[in-house]
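Let me begin by presenting the structure, written as structure tokens, before commenting on it.
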Amino acid sequence: ALVAACATNTHVATTPMPDREAGTMAVRTAPATGSTAVTLGIPPGHLPRPGRCRLWLPDTPPGHQPASRPCNGIDVRAPVGSMIVYRPDATIVRVRYVDAQHPGVVIAVRVFDATTGAFLRAEG
């Protein structure tokens with residue numbers, strides 16, 4: 001599951017997101033704010049700085065995630081079910097979701113607002 005940012009509210013989501021264990025698309029949770037929109041679910045302080053990438057491992061606490069790094073070659077290192085988090089600038093975050101059975105194979109790309117974590121759009 002995506003790691004929720006220190007929220008105590010009930011979580012609701014309706015947009016399909018990759019399911020790490022089943023290898024399919026499944027509903028993921030997002031902080032309840034009166035909206036059913038999917039949110040990023042990564043605490044802002046754990047996002048890579050602009051121009052860098054970070055592998056994000058679902059079910060791993062934020063403080064135990066791999067460090068951010070240059071983006072070159074990160075795809076081939078991405079383990080099954082992980083997320084490749086790329087921050088091209090200070091305003092957005094692009095997340096590439098890696099297949100649950102094939103390391104390095106991206107099955108979905110979603111773009112989020114870096115400040116609020118709100119889902120903006122899906123890409124190719």
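Any read-out appearing in this document is the output of simple, stated calculations on the displayed coordinates, not a laboratory observation. This one's a predicted model, so the numbers in the text were calculated from it and none came from an experiment. No Cβ is skipped: glycine too gets one built from the backbone with ideal geometry, and neighbour counts run over all protein chains shown.
Modelled spin-label separation between residue 60 and residue 80, with each label point placed 7 Å from Cα along the Cα-to-Cβ direction: 1.6 nm. Annotation: extensible slack from residue 122 through residue 109 equals 4.1 nm (criterion: 0.36 nm per residue apart, minus Cα-Cα distance).
Overall form of the stretch 49-101: prolate. Here a/c, set by the Cα gyration tensor axes a ≥ b ≥ c, is 1.5 or more, and a/b is the larger of a/b and b/c.
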